[in-house]
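What follows is a short report on a single structure.
The values are calculated or read from the model by the stated rules, or taken from the named source; none is laboratory data. Since the structure is predicted, the reported quantities are computational estimates derived from the model, not experimental observations. Because the Cβ atoms are built from the backbone with ideal geometry, glycine has one as well, and the counts that use them run over all protein chains shown. Remember, those area values only see protein heavy atoms, side chains included, never the ligands or the DNA or RNA. Shrake-Rupley method; radii C 1.70, N 1.55, O 1.52, S 1.80 Å.
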Amino acid sequence: MAKSIIILADTDEKFLSPLELKFLEELDDNAELEIITDSEYFNDYFSSPKSASVLVVSEDLYSSSLQKHNINNIFVLTEDMDEGGTEDLGIDKIFKYTSTKEIFKQVTALSPLSAD
């Protein structure tokens, strides 16, 4: 079975490190993690078509052009607690400053990842 590709993208490395660790601990060898902390690299990376199971991205890096890629689930980390709808369909917002455990729980509940 092919591994799920999970992309975590945020320019705040201190925020992203515990989230990366949580995904590694819970999903073990069932997923391939790609971590992006540089906005220039992020733009270069998504300048060509990409496929992934999940993209967890900060609202600073997010743009609607990400929807042209073959990404099953996009989660935008927002600094605003308002959990209202988004202007883009298929996008889920997660409050960035909730616990790492809660972010992981929301991502795995809404996407086809398993921690088997």
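Odds and ends about this structure:
- Scope the range 1-12; condition of a type outside the set (A, V, I, L, M) and either over 13 Å from K96 (Cα atoms) or within 13 Å of the chain's Cα centre (by Cα) (or both); matching residues: K3, S4, D10, T11
- Where a residue in the range 59-73 is open to solvent by less than 70 Å² (accessible area, probe 1.4 Å) and its partner, wherever it lies, is assigned to a helix (DSSP H, G or I), with Cβ under 7 Å and at least six apart: L61/S39; L61/F42; N73/L110
- Of note, S47 satisfies the criterion of being of a type in the set (S, T, Y), part of a loop (DSSP other than H, G, I, E, B) and more than 24 Å from Y97 (Cβ to Cβ).
- Scanning the range 23-44 for residues that are open to solvent by 30 Å² or more (accessible area, probe 1.4 Å), modelled with pLDDT under 95 and in a helix (DSSP H, G or I) gives L24, E25, E26, D28, D29, N30.
- The selection criterion, being open to solvent by 40 Å² or more (accessible area, probe 1.4 Å) and modelled with pLDDT of 85 or more, does not hold for E83.
- Taking first residues from the range 25-45 that are on the phi < 0 side of the Ramachandran plot and of a type in the set (A, V, I, L, M) and partners that are open to solvent by 80 Å² or more (accessible area, probe 1.4 Å) and assigned to a helix (DSSP H, G or I), the Cβ contacts under 7 Å between residues at least 6 apart in sequence or on separate chains come to L33/L24.
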